[in-house]
Each structure stands twice: as C-alpha cells, then as structure tokens.
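Have a look at the structure below, then the notes.
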Amino acid sequence: MQLEAKSADEVLKRLRRAHGQIAGVISMIEAGRDCEEVVTQLAAASRALDRAGFKIIACGLRQCADGSRELRETSEAQLEHLFLSLA
C-alpha cells in the first residue's frame with residue numbers, strides 16, 4: 001500500500017507532532033516536572049501516534065474499496081491484526 005500525497009502529509013504532520021511531544025516529555029522528566037503534567041503530555045503523544053496509525057489503515061481500506069489488488073489479497077486476520085495493534 002502506498003499513501004497518496006495528501007494522506008502522507010497528514011500522517012507526517014501527526015508524527016512530527018508526536019515527535020515534538022515526546023521530546024517535551026523527555027525534557028519534562030529531566031526537569032523533574034510534576035507527574036500529572038508528564039502523563040498529560042505523554043497521553044497527547046500517544047493520541048497523535050494512534051491517529052497516524054488509524055489514518056494509514058483508513059487509507060488502506062479506501063484503496064481496498066477502490067479495488068487495490070494488494071489489499072484484496074490481505075487476509076481478514078491480517079487486517080484484524082493491524083486494527084488490534086493500535087487498540
């Protein structure tokens with residue numbers, strides 16, 4: 001599966017956001033910031049990663065609906081594994 005340019009841009013934007021948030025978490029821990037603040041920032045990074053993964057899966061399913069041979073050959077178990085890996 002190959003992401004279209006618009007979808008790839010959206011995924012990269014989310015991944016860059018997560019990258020920045022993770023760097024922020026590291027800095028917060030090194031600075032001895034409050035646990036609640038650290039966990040809040042970590043949860044935001046986790047959501048950004050989840051959204052990037054869901055976008056990739058959604059693109060794959062759309063390609064499947066459009067007749068992509070690669071995804072038609074993807075088994076139900078493989079698709080289920082992709083979804084569960086993000087759950």
Length gained if residue 43 through residue 82 is fully extended, taking 0.36 nm per residue and subtracting the Cα-Cα distance, is 11.9 nm
For residue 58, placing the label point 7 angstrom along Cα-to-beta-carbon and taking region 9-26, residues whose amide nitrogen sits under 17 Å are 9-18
Karplus ³J(HN,Hα) for region 27-41 (6.51 cos²θ - 1.76 cosθ + 1.60, θ = phi - 60°; Hz, whole; x = Gly/Pro) runs 4, 4, 5, 4, 8, x, 5, 4, 4, 4, 5, 5, 5, 4, 5
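Each value in this text was obtained by applying a stated rule to the coordinates, not by laboratory testing. Predicted model, so just to flag it, every value in this text is computed and none were measured. Neighbour counts run over all protein chains shown; Cβ positions are idealised from the backbone, glycine included.
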